[in-house]
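Read through the structure below, which is laid out as structure tokens, and then see the notes.
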Amino acid sequence: MKKLIAFFAIIFMLTCNQVVVAQENSISDSVENVTVADSETMSVADSALKEIADFAAAEGLDAEGEESPGAHQVLKTKFIEGNPWFMSLVAMTLIIGLTFCIERIVYLLLSEINTRRFLKDIDLLMEKGNKEAAKELCRNTRGPVASVCYQALSRINESSEAIERSVAAYGSVLASNLEKGCQWITLCISVAPSLGFLGTVVGMVMAFDDIRVAGDISTSIVAEGMQVALITTIFGIIAAVVLQVFYNYILSRIDRLVAQMEEAAITMLDMIARYKQSSNGNGRVDD
């Protein structure tokens with residue numbers, strides 16, 4: 001009996017041992033499968049990321065390659081395509097016109113003052129009877145408005161008609177000085193599109209000469225001459241439009257200064273009339 005129990009115990013232990021070994025083998029196989037699967041997954045992920053990076057880099061390069069050039073580059077290209085000789089003439093005309101425009105704008109801005117405040121200061125001095133201080137204020141103030149006021153004060157001892165004639169004549173001179181150089185701006189406005197049209201004619205002549213030399217009407221031959229013609233015309237018109245805008249702005253500033261001069265002249269005549277009445281009422285005699 002004991003031998004039988006021992007035999008069954010040995011068989012049970014062997015069976016349990018085989019089960020444990022089988023379980024350990026299955027676990028190791030699972031671990032290996034999981035490891036293999038993880039490695040395969042990582043390799044697939046790495047390859048996918050690499051493909052995505054390559055695609056993004058390629059797209060970036062394509063985007064950079066398809067990116068439109070800047071305005072400066074386009075302007076430079078069109079300038080070269082439109083026959084540099086005629087384009088240089090148009091550009092030179094534009095530069096000359098802009099030079100005169102900038103000079104006039106700076107001059108007019110520096111000539112403008114606060115007219116109401118200036119006339120108010122003169123009025124206070126005249127009410128106090130201090131005409132010499134009023135003259136000094138006019139001399140130390142820039143601009144045509146102060147010059148008109150000084151011209152009126154310098155003739156204060158003359159009749160009102162004489163003062164008015166003197167101020168009107170001097171104001172005409174100052175208005176002419178304000179318009180100094182504007183004729184050159186109008187010349188550039190006229191010349192710029194004319195040079196563009198001249199480039200158009202020259203481009204057409206070049207196209208017909210190329211057709212005559214080639215002996216065949218080809219689209220590329222005609223397009224080259226037409227390109228020169230159209231580009232020079234476009235740049236000439238653009239230059240004229242730019243100069244016209246500046247010229248109209250200059251005229252508006254001139255009109256504003258002329259209006260201020262007229263207002264100052266009328267105000268000064270009234271001040272001088274009140275000053276003379278006050279001087280006669282107080283019994284003062286001016287030198």
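Return the loop-located GluC sites (Glu not before Pro) in segment 120-214 (DSSP other than H, G, I, E, B) with at most 16 other Cβ atoms within 10 Å of their own Cβ; answer none if there are none. Sites meeting the loop and neighbour criteria: GLU158, GLU179. P(r) tail for segment 72-197: Cα pairs beyond 23 Å make up 53% of the total.
Neighbours of ILE254, meaning other residues whose beta-carbon lies under 9 angstrom from its beta-carbon, give a summed charge of +1 when Lys and Arg score +1 and Asp and Glu score -1.
The dipole here belongs to segment 152-241: it is taken about the Cα centre, uses +1 on the Cβ of Lys and Arg and -1 on the Cβ of Asp and Glu, and is about 220 debye.
Here the scattering of segment 142-258 is modelled by Debye summation over its C-alpha atoms, one equal scatterer each and no solvent; at q = 0.19, 0.21 Å⁻¹ the log10 of I(q)/I(0) is -0.95, -1.03.
Coupling constants for segment 162-179 follow from the phi torsions by the Karplus curve (6.51 cos²θ - 1.76 cosθ + 1.60, θ = phi - 60°), and in residue order they are 5, 5, 5, 5, 5, 5, 5, 5, 5, x, 5, 5, 5, 5, 5, 5, 5, 8 Hz; glycine and proline get x. Backbone geometry of segment 90-101 corresponds, through the Karplus equation with coefficients 6.51, -1.76 and 1.60 at θ = phi - 60°, to 3J(HN,Hα) couplings of 5, 5, 5, 4, 5, 5, 4, x, 5, 4, 5, 5 Hz, x marking Gly and Pro.
Rule-based calculations on the coordinates, nothing more; no lab input. Treat the numbers as computed from the prediction; the structure is a model and nothing was measured. Every residue, glycine among them, receives a Cβ derived from its backbone with ideal geometry; neighbour counts consider all protein chains shown.
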